[in-house]
1. Looking at region 44-62, which of its residues are part of a helix (DSSP H, G or I) and on the phi > 0 side of the Ramachandran plot?
2. Which of (1) out of contact with any Ser or Thr (no Cβ under 9 Å at 6 or more places or on another chain); (2) assigned to a helix (DSSP H, G or I); (3) not β-branched (Val, Ile, Thr) does residue 10 not meet, given it meets every other one?
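All of the numbers you see were taken from the coordinates with simple rules; none came from a lab. Quick caveat, the model's predicted, so the values are computed rather than measured. Because the Cβ atoms are built from the backbone with ideal geometry, glycine has one as well, and the counts that use them run over all protein chains shown.
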Amino acid sequence: MTTPSPISEGPSPASLRRASLVALIIAAVLAVTTVLPAEYGIDPTGIGRRLGLTQMGRLKQELAKEAIEDARADSVAAAGDSVES
């Protein structure tokens with residue numbers, strides 16, 4: 001007969017806090033160095049410019065503005081068409 005192995009207790013609360021803090025720091029660094037430049041064209045560190053992310057983010061913002069302007073023009077044209085009818 002074999003003896004049952006002891007049940008492991010899992011990580012300690014201190015190690016969970018430390019792991020959570022490290023994950024939070026990594027997430028913040030990634031947000032500032034990659035997400036902000038790529039999504040919004042904001043590059044506080046300069047890394048996004050070196051990686052080409054800032055240009056991509058600025059282009060994305062310009063395209064979003066053009067899409068909004070096109071949607072406004074379409075709605076104005078549609079409103080003008082319905083008034084004429």
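1. Of the residues in region 44-62, the ones part of a helix (DSSP H, G or I) are 47-51, 53-62.
Those that are part of a helix (DSSP H, G or I) and on the phi > 0 side of the Ramachandran plot: none in region 44-62.
2. (2)
Conditions tested, residue by residue: (1) assigned to a loop (DSSP other than H, G, I, E, B); (2) in contact (Cβ under 8 Å) with a residue 60 or more places away in the chain; (3) exposed (fewer than 12 other Cβ atoms within 10 Å of the Cβ).
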residue: 18; (1), (2), (3): no, no, no
residue: 27; (1), (2), (3): no, no, yes
residue: 31; (1), (2), (3): no, no, yes
residue: 38; (1), (2), (3): no, no, no
residue: 42; (1), (2), (3): yes, no, no
residue: 64; (1), (2), (3): no, no, yes
residue: 70; (1), (2), (3): no, no, yes
residue: 74; (1), (2), (3): no, no, yes
residue: 79; (1), (2), (3): no, no, yes
